[in-house]
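Colleague: Below is a structure I'd like to ask you about.
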Amino acid sequence: MSRFSIFSLARNAMSWHQNWPSQWRSPEPKPEYDVVIIGAGGHGLATAYYLAKEHGITNVAVIEKGWLGGGNTGRNTTIVRSNYLWDESGLFYENAMKLWENLSQELNYNVMFSQRGVMNLAHNLGDVRESVRRVNANNLNGIDAEWLNAEQVKEFCPIINISKNSRYPVLGATLQRRGGTARHDAVAWGYARGADAMGVDVIQNCEVQGLMVEGGVIKGVRTSRGEIKAKKVAMACAGHTSVVADMAGIRLPIESHPLQALVSEPMKPVIDCVVMSNAVHVYVSQSDKGELVMGAGIDPYVGYSQRGSLHVIENQLAAAMELFPLFSRTRLMRSWGGIVDTCPDASPIVGKTPVKNLYVNAGWGTGGFKATPGSGFCYAHTIAKDEPHPLNAPFSIDRFITGALVDEHGAAGVAH
Amino acid sequence: MTEKFRTSHGTGVDRSSVINFTFNGKAYRGVAGDTLASALVANGVHLVGRSFKTHRPRGILTCGSEEPNAIIQLETGPRSEPNLRATQIELYEGLIAKSVNCWPSVNFDVLAVNGLASRLFVAGFYYKTFMDPKSMWMTVYEPMIRRMAGLGVLPREKDPDTYDHMNEFCEVMVIGAGPAGLAAALAAGKSGARVVLCDEQVEFGGSLLNSKEIIDGRPALEWVASAVAELEAMDNVRLLKRANAFGYYDHNYITVHERRTDHFGPGAKPELARHRVWHFRAKQVVLATGSHERPLVFADNDRPGIMLAASGQAYANRYGALPGKRGVVFTNNDSAYRVAIDLVDAGMAIPMVIDLREVADGELPNVARQKGIEVVTGAGIVATEGRKRLKAIEIAQISSDGEKITGAKRRIECDTILMSGGWNPAVHLFSQSIGKLRYDEEKACFLPNISSQKERTVGACKGTFDLQSALEEGMAAGALAAQDSGFGKGKAPAAPKAIVVVEKPLKAIWVVPTDHPVGQGPRKHFVDYQHDVTAADIMLAAREGMHSVEHMKRFTTTGMATDQGKLSNVNGLAILSAQLGKAIPQVGTTTFRPPYTPVTFGALAGRGINGDLADPVRRTPMYSWHLEHGATFEPVGQWQRAWYYPKAGEDMHAAVTRESKALRDGVGILDASTLGKIDIQGKDAAQFLNMIYTNAWLKLPVGSCRYGFMLKEDGMVFDDGVTSRLGENHFHMTTTTGGAAGVLDWLEEYLQTEWPDLEVYCTSVTEEWSTLSIGGPKARELLEELAPEMDFSNEAFPFMTWREGDVAGVPARVFRISFTGDLSYEINVRNWHGLHMWEKCMELGAKYDITPYGTETMHVLRAEKGFVIIGQDTDGTQTPQDLGMDWIIAKSKADFIGRRSFVREDTKRSDRKQLVGLMTENPKEVLAEGAQLTYERVNPTPAPMVGHVTSAYWSPNLDHSIAMAMVKDGHNRMGQWIYAHDRGKVTKVKIVSPVFYDQKGERRDG
Ligand SMILES: Cc1cc2nc3c(=O)[nH]c(=O)nc-3n(C[C@H](O)[C@H](O)[C@H](O)COP(=O)(O)OP(=O)(O)OC[C@H]3O[C@@H](n4cnc5c(N)ncnc54)[C@H](O)[C@@H]3O)c2cc1C
């Protein structure tokens, strides 16, 4: 892998950038791998990376039906935070946060992780109560969290409307200063490049169409490019997990919904942090290009088409205008949708399945981008050792049998 | 300033009507009918902006919504608007505009120094650097990038304009009012079908507005005028100008953004909504969205003075504004010869047409030759000069594969290039509708292929570039669309006659060579103008493994600027395909997504902003009374509830103390009208409730009430409330205020999906009833006075029953239920009697010193009794057992929702978090709601948390603070001391029963 730096950039500029190598190969699938990962989103690629890096398992293929990073990884609004309520989630996401803090250096790829602070607004007394509860839980878990009153909110984000006359006045907010955003494509590309350099085959335009299971043990995958044998198979296919799991006869407690996002035309900076509001259903940040990046809740119906309905966007912009009246004269430039995999308790599933050597990583819903490094790290451990890492043990599929749910609706119901 | 480039022609402008405007601080004159761009062209101003990254000077490239260069900040103050396209801004008197993203001015832009480093600023360079030292990303690099990014500036003030929404149905929706669209609308309109015709331009006519076509022997615009007149005369036709159809969703749902007042400028009548978003549901759609001319990708192809050919033609023909003094036409097809001919006719010097094709022997090239224009074939522009305005070009012969220069270079002085790389049908909406495209080799463009909705494409959008065929297609499609929606016989009216000119095929050369290999020398081949993306960037992307068109787009940012790739996408993917050695259709396009052109946020939000309109505010009939009596309000869901009623000089604490004591000592009154109420009827109603609630309902006698818990399937409490049996098959359910809608959804979901065989009907009646809760030891006396006919004795009217009767002269239902623990009655009357009843209670209660109390006091009183509030003491993770309410689960019932979860390993644990009371050592200290609990005082981080404080109050009746909490294994730990943590503060607390007051329940019966 040729290292990226200002020096290599300058050196390559001398030769008009003709000599940059490909960031990854385009290999033909081999007949057999130690591990086949289904889905080259951030989670699948990170898993391959950590399998190679942490566990020395490099005979790995990541199989992607489209282009790498083209699922939710390349469609999300890139909010990263770790201020989850319950211990299980808080510790899991905090581990991811620590990995984020070093990710550009780790991957030698600038993923533009920008810790500009994430505020979650409170608009009623119930919100306030829940916010304080979360701040206290975070603090006791060693996760940075602060409670801001309305004036402090305004100080942190001057364009926000804290008028008492607005429909749902801002009463305060939780703030995680270490939260922020990252460049989604770079995360996928950086992991792909890193994994590829250690020998992982990232195979694009190859759809998994069947799982080969014999006597309760996974044997490989059937793909649009033929059969590929594997000692272990790991799903990381987000919105399509139910479809793929069904190929092995596994029914998951997952519903897939469209989730939309949008950007405005690029403008000079107006907002320097991430603001989220569950109560009025909108969240916003401004990208380094100057676009306002916004999202809301899921489209209510289930489906697999990566597009949503306009009224969801209209409602979300109305909500945004209450909070940020000055947005009115900017324009919607692009909108899109992804398919998110939601679990009944708004927490993911990472672990083993009833089929031996088949693993599942899914249910990230509206908020799995922030988990990417941590998910890959723990999932790789789970696959390599055939048992979960302590951090993802609570997120086993068994919890839907035992009832030990990790209900993060309060913390993640709409938000990301 | 005089309009040096204004001619005496111009079919779309009125030269007698002068309009003054200011651009970049200088005063100019334009005329009525001008756009800002055409007025600037008429004044010889082409330098209108700077590029995003390297701040190169750039000129007006197009005349329409696809403009990537002329990006404008319009006006100042609260009506200022960033990023508008000069090509779409209609000129009005006093208009003030300036270029965006250049400092100090468009003429001298400091950041143009970036150009020096442009060799470093290749596609994706930022992924490769700015990583060391790590700390500098947040402190230096990113702040620098953010400062440079972005185009225009948002005004800080609140938008003074209003916006609205419309919803409408039609049979035939025609999008685009060029010749094909007009023909379609005429044909459909004649059938009597409801037709909508919309166009983003100021006038109908489409491409005919810009050209000099002849229809039926007359100038085409005369035909347009008569067609429009005919359409205007039809009542069944709605015409929308300045209306951009921006989204095509499922089931022929089309969204249109209409700009209604922008052309009046800031002086527009304030009562008019500035923009309107239309939502049309059409039976049939006809797409006549035309096509966009494609730029040629040649060396240094982005300089002021370089323009798309047909746009130059439009400026001359329509606006009477010549794009320059002396220009050359650079083309790979015949259409641009029309431009050369028209411009010469308009008085511009066009010495030469440079044609990439080896032969140009069509009708139009020959006419051009006759006009004395030199036609140089097999040649291309290989270099250009001039920074703020094009000065000269170099041309050379090109090898037939388009790979290299073969002959000597020839230098020609000119201030304008009019280029044409062929035409891209505007298939955006077609693609949004999920229609499938195909690549047409001969026309070198993507065309609609397979429709997936009830839609037809006509004219240039379908690749039909000749006028006669476009008119005929339009007529046919309009008639068929009408027929398919039930109108007319599908017979197309005769199309008018245009002059048919046969055009020869184009030759696609996607990158015109220069004197050094592309990307390996100073000359740049721009593909995405606004984002500074060059052919070399795309080649680099391919080299670095970005083989998918989506990767290329994201890596280079091609197509992600404000024009969303209308000009760049096809060129970009053609270059990528060549680099990968693949055919263009194998690489494919990126997905087309709404909006077609950017849509104002305010318009999308519509009227749904500004307080009450953002979300309906719900108020009870007694709201005015509360307001008059000084209540402070608390929002609960959409409701405004009275929170407490401070008397002069009282703070919340004092008011709540007074209210709480008043109820316990005398009588209090609460407006409980916001409680959700659902009327449930049907022969299976009791059975339904038996499944919905955890307790038994079948034998509840008529006239009785019962408190119930609803669980989700996981066994966790989801809502509670009292439900009363009004009749054998008739129940009145109450829910929490915030949970009402969710409960109704829940009931319906089960009725519709799980138990469709049950005959049960649920109707929300929340707003039909006003509910007054009257409680306290004096409540009975007051009720007896209010309703002398009714017997309120414990025997006649026991706890958990309800009675109907006349109360204060109006029919009422009175329920004997209590959320305070004291004797209490809930009077329900029709909502129009609510205020009357309240006032009557206050009047008759005066002698008992009746005290109105709000939600805060209600919370305190119920907490004194340990009654939970769903959503405050619970969060979806508590079973009834966790709440210490095992009694509410009917052991004998075969099933109810959530029951099977009780046997789950984790759900049946005995050491789950359980509801307890907490007492502080210091009686005055009120814990923080949301404080986290630990068993031990000092804990490492992460600390093992065992629960949290859910409710905490000062209890005036106990003269002690009280709290409710969820504590792990709490039921087994009564009397133990644990620790509450709130943002650094640690408080020692004792676990006690959550029933703090009247533990024997003696006050209930008065
Ligand atoms: C609009 C939107 C906004 C969001 N905002 C945020 C946010 O702000 N913060 C946050 O943390 N999260 C956010 N999310 C959620 C986040 O994007 C996802 O949880 C996360 O990216 C999931 O990553 P992944 O790698 O699991 O899935 P993906 O990136 O979706 O990858 C799954 C891959 O599997 C492939 N695949 C599927 N089926 C097959 C098959 N049969 N064969 C081969 N390949 C297959 C898919 O093509 C896809 O590439 C958002 C999501 C959306 C849609």
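The values are calculated or read from the model by the stated rules, or taken from the named source; none is laboratory data. Given the structure is predicted, the values throughout are model-derived calculations rather than measurements. Every residue, glycine as well, gets a Cβ built from its backbone with ideal geometry; the counts of neighbours run over all protein chains shown. Note: areas computed on protein heavy atoms with side chains; ligands, DNA, RNA excluded. Shrake-Rupley method; radii C 1.70, N 1.55, O 1.52, S 1.80 Å.
Colleague: Which lysines have a Cα lying under 16 Å from the Cα of B:LYS683, excluding residues fewer than 8 positions away in the same chain?
Modeller: Those lysines meeting the cut-off are B:LYS699.
Colleague: Still on this structure, please answer the following. Which value in nm describes the separation of the simple spin-label points at A:MET198 and A:SER163, placed 7 Å from the Cα toward the beta carbon?
Modeller: Spacing of the two 7 Å Cα→Cβ label points: 5.4 nm.
Colleague: What percent does the relative contact order of chain A come to when contacts are Cα pairs within less than 8 Å and at least six residues apart?
Modeller: 22 percent
Colleague: What is region B:295-421's relative contact order, in percent, from Cα pairs under 8 angstrom and six or more apart in sequence? Mind dumping the intermediate values first?
Modeller: Numbers: 292 pairs, mean separation 41.8, N = 127.
Reported as a whole number, the value is 33 percent.
Colleague: Taking amide H positions as placed in the peptide plane 1.01 Å from N, state which residues far from A:ALA296 in sequence (5 or more) or on other chains have amide H under 5 Å from it.
Modeller: Placed amide hydrogens put A:GLN260 under 5 Å from A:ALA296.
Colleague: Could you calculate the FRET efficiency of B:VAL810 with B:ARG156 from 1/(1 + (r/R0)^6), where r is the beta carbon distance between them and R0 is 60 Å, rounded to 0.05?
Modeller: Values: r = 54 Å, r/R0 = 0.90.
With a Förster radius of 60 Å, E is 0.65.
Colleague: When chain A is modelled as a GNM with alpha-carbon springs shorter than 10 Å, which of A:VAL170, A:VAL360, A:VAL200 fluctuates the most?
Modeller: So, out of A:VAL170, A:VAL360, A:VAL200, the one fluctuating most is A:VAL170.
Colleague: Right, next: Of all GluC sites (Glu not before Pro) in region B:316-399, which ones are in loop regions per DSSP and have a Cβ with at most 14 other Cβ atoms within 10 Å?
Modeller: Working: sites: B:GLU358, B:GLU363, B:GLU374, B:GLU385, B:GLU394; in loops: B:GLU358.
Loop-located and lightly packed - B:GLU358.
Colleague: Still on this structure: Taking the Kirkwood radius as the inverse of the mean 1/r across Cα pairs, report the Rg/Rh of region B:909-992.
Modeller: 0.95
Colleague: Using a 1.4 Å probe on protein heavy atoms, which residues of region A:165-207 have at least 30 Å² less accessible area in the complex than alone?
Modeller: Residues passing the criterion (a loss of at least 30 Å², heavy atoms only) are A:ARG167, A:TYR168, A:ARG183, A:TRP189.
Colleague: Determine ³J(HN,Hα), in whole Hz, for all residues of region B:703-712 in sequence, where each value follows from phi through the Karplus function 6.51 cos²θ - 1.76 cosθ + 1.60 and θ = phi - 60°; x replaces Gly and Pro.
Modeller: Calculated HN-Hα couplings, in order: x, 10, 10, 8, 8, x, 10, 9, 10, 7 Hz.
Colleague: How many nm is it between the label spots at B:VAL359 and B:GLU385, if each spot is 7 Å from the Cα in line with the beta carbon?
Modeller: 3.6 nm
Colleague: How would you classify region B:382-486 from its alpha-carbon gyration tensor, with a ≥ b ≥ c the square roots of the eigenvalues: rounded for a/c under 1.5, else prolate if a/b is greater than b/c, otherwise oblate?
Modeller: Cα axes put region B:382-486 in the prolate bin.
Colleague: In whole Å, what is the distance between the alpha-carbon centres of region B:38-90 and region B:416-485?
Modeller: About 29 Å separates the Cα centre of region B:38-90 from the one of region B:416-485.
Colleague: A further question on this structure: Which whole DSSP H helices in chain B pass both tests: a Cα extent of 24 Å or more along the axis and a mean Kyte-Doolittle value no lower than 0.0?
Modeller: Values: long enough: B:467-484 (25 Å, 0.28).
Counting only whole DSSP H runs, the qualifying helices are B:467-484.
Colleague: For n ≥ 4 DSSP H runs only, could you compute -39500 (n - 2.57) per run for the protein assembly as shown, divide by its residues and tell me the 222 nm figure to the nearest 500?
Modeller: The helix contribution divided over the protein assembly as shown gives -6500 deg cm²/dmol.
Colleague: For the protein assembly as shown, what class follows from the C-alpha gyration tensor (a ≥ b ≥ c being the square roots of its eigenvalues): rounded when a/c is under 1.5, otherwise prolate if a/b is larger than b/c, else oblate?
Modeller: Since a/c reaches 1.5 and a/b is larger than b/c, the shape of the protein assembly as shown is classed as prolate.
Colleague: Moving on to the next point. Considering only protein heavy atoms and a probe of 1.4 Å, how much of the accessible area of the protein assembly as shown is carbon and sulfur, as a whole percent?
Modeller: 53 percent
Colleague: Output the Cα-based Rg and Dmax of region B:295-421 in Å, rounding Rg to one decimal and Dmax to a whole number.
Modeller: Spelled out, the Cα radius of gyration and Dmax of region B:295-421 are 13.2, 40 Å.
Colleague: Can you compute the charge dipole magnitude of the protein assembly as shown about its Cα centre, using +1 on each Lys and Arg Cβ and -1 on each Asp and Glu Cβ, nothing else charged? Give it in debye, rounded to the nearest 20.
Modeller: Details: 151 positive and 159 negative charges, 787 e Å.
The calculation lands at about 3780 debye.
Colleague: Counting Lys and Arg as +1 and Asp and Glu as -1, what is the net charge of the other residues whose Cβ lies under 9 Å from the Cβ of B:ARG389?
Modeller: Once positives and negatives cancel, what remains is +3.
Colleague: Points 7 angstrom from Cα along the Cβ direction at B:ILE145 and B:PHE169: gap in nanometres?
Modeller: Simple spin-label model gives 5.1 nm for this pair.
Colleague: While we're here: What full-extension length gain, to one decimal in nm, is calculated for B:HIS730 and B:SER993 as 0.36 nm per residue of separation minus the Cα-Cα distance?
Modeller: Additional length available on full extension: 90.9 nm.
Colleague: Any idea what angle helix A:310-323 forms with the longest principal axis of chain A, computed on alpha-carbon atoms, 0 to 90 degrees, nearest 10?
Modeller: 50 degrees
Colleague: About the Cα centre of chain B, what is the dipole size in debye to 20, counting +1 per Lys and Arg Cβ and -1 per Asp and Glu Cβ, all else neutral?
Modeller: 3100 debye
Colleague: To continue, here is another question. Provide the FRET efficiency to the nearest 0.05 for the B:ASP757-B:HIS251 pair, computing r from the beta carbons and using R0 = 22 Å. Intermediate values should be presented prior to the final figure.
Modeller: Values: r = 31 Å, r/R0 = 1.41.
According to the calculation, E is roughly 0.10.
Colleague: While we're looking at this one, here's another question. Could you check which residue among A:ALA238, A:ALA182, A:ALA318 shows the biggest mean-square fluctuation in a GNM of chain A with a 10 Å Cα cutoff?
Modeller: Of A:ALA238, A:ALA182, A:ALA318, the most mobile in the Gaussian network model is A:ALA318.
Colleague: Go ahead and collect, in residue order, the members of region B:486-513 whose backbone nitrogen is under 11 Å from a label point 7 Å along the Cα-Cβ direction of B:ILE214.
Modeller: B:498-500
Colleague: Using only the alpha carbons of chain A, determine the length spanned along each of the three principal axes and report them from longest to shortest in whole angstroms.
Modeller: 66, 62, 41
Colleague: Which of the residue pairs A:LYS53/A:LYS232; B:LYS891/B:LYS968; B:LYS325/B:LYS504; B:LYS388/B:LYS507 have a Cα-Cα distance greater than 20 Å in the structure shown?
Modeller: B:LYS891/B:LYS968; B:LYS325/B:LYS504; B:LYS388/B:LYS507
Colleague: Taking amide H positions as placed in the peptide plane 1.01 Å from N, state which residues far from A:GLY303 in sequence (5 or more) or on other chains have amide H under 5 Å from it.
Modeller: Result for A:GLY303 returns A:SER256, A:HIS257.
Colleague: I've got another one for you. Using the beta-carbon distance between B:ASP466 and B:ALA494 and R0 = 30 Å, what value does 1/(1 + (r/R0)^6) give for FRET efficiency, to the nearest 0.05?
Modeller: 0.95
Colleague: Could I ask something else about it? Using only Cα atoms, tell me the angle between helix A:125-140 and the longest principal axis of chain A; keep it within 0 to 90° and round to the nearest 10.
Modeller: Roughly 50 degrees between the two axes.
Colleague: Whole-Hz Karplus ³J(HN,Hα) for region B:799-816, in order, using 6.51 cos²θ - 1.76 cosθ + 1.60 and θ = phi - 60°, x for Gly and Pro?
Modeller: So the Karplus estimates, Gly and Pro as x, are 3, 6, 10, 9, 9, 10, x, 8, 10, 6, x, 10, x, 8, 10, 10, 10, 9 Hz.
Colleague: Looking at region B:125-264, how many pairs of lysines come closer than 30 Å at the Cα, when each pair is eight or more places apart or spans two chains?
Modeller: 4
Colleague: List the residues, sorted by chain then number, that are 5 or more residues from B:ILE889 or on another chain and whose placed amide H is less than 5 Å from its amide H.
Modeller: Residues meeting the amide H criterion: none.
Colleague: Here's something else I'd like to know. What accessible area per residue comes out for chain B, rounded to a whole number of Å², with a 1.4 Å probe? Let's see the in-between values first.
Modeller: Values: 36600 Å² over 1006 residues.
Per-residue value: 36 Å².
Colleague: Using only the alpha-carbon atoms, how far is helix A:87-100 inclined from the longest principal axis of chain A? Give it as 0 to 90 degrees, nearest 10.
Modeller: 80 degrees
Colleague: Of the cross-linked pairs B:LYS840/B:LYS865; B:LYS53/B:LYS582; A:LYS219/B:LYS582; B:LYS893/B:LYS990; A:LYS268/B:LYS553; A:LYS370/B:LYS924, which ones have a Cα-Cα span greater than 32 Å in the structure shown?
Modeller: Values: B:LYS840/B:LYS865 29 Å; B:LYS53/B:LYS582 30 Å; A:LYS219/B:LYS582 35 Å; B:LYS893/B:LYS990 37 Å; A:LYS268/B:LYS553 23 Å; A:LYS370/B:LYS924 43 Å.
Violating the 32 Å limit, Cα to Cα: A:LYS219/B:LYS582; B:LYS893/B:LYS990; A:LYS370/B:LYS924.
Colleague: Give me the number: length gained by fully extending B:SER764 to B:VAL202, i.e. 0.36 nm times residue separation minus the C-alpha to C-alpha distance, one decimal in nm. Provide the component values of the computation, followed by the final result.
Modeller: Values: separation 562, 0.36 × 562 = 202.32 nm, distance 4.83 nm.
Once the chain is fully extended between B:SER764 and B:VAL202, it gains 197.5 nm.
Colleague: For the interface of B with A, what's the total buried accessible surface in square angstrom, probe 1.4 angstrom, rounded to the nearest hundred?
Modeller: Working: alone 41530 and 17650 Å², together 49220 Å².
Buried surface at the B/A interface: approximately 9900 Å².
Colleague: Rounded, prolate or oblate: which fits region B:516-590 when a ≥ b ≥ c are the square roots of the eigenvalues of the alpha-carbon gyration tensor, with rounded for a/c under 1.5 and prolate only if a/b beats b/c?
Modeller: Because a/c hits 1.5 or more and a/b fails to exceed b/c, region B:516-590 counts as oblate.
Colleague: Continuing with the same structure: Charges at C-beta only: +1 for Lys and Arg, -1 for Asp and Glu. How large is the resulting dipole of region A:268-338 about its Cα centre, in Debye rounded to 20? Please list the in-between numbers first.
Modeller: Numbers: 6 positive and 6 negative charges, 51 e Å.
In debye, rounded to 20, region A:268-338 gives about 240.
Colleague: So, one more: Quick one: give the max-minus-min coordinate of the C-alpha atoms of region B:398-445 along each principal axis, largest first, in Å.
Modeller: If we take the Cα atoms of region B:398-445, the spans are 49, 28, 13 Å.
Colleague: In the Gaussian network model of chain A, springs joining C-alpha atoms below 10 Å, which of A:LEU51, A:LEU91, A:LEU326 carries the largest mean-square fluctuation?
Modeller: A:LEU326
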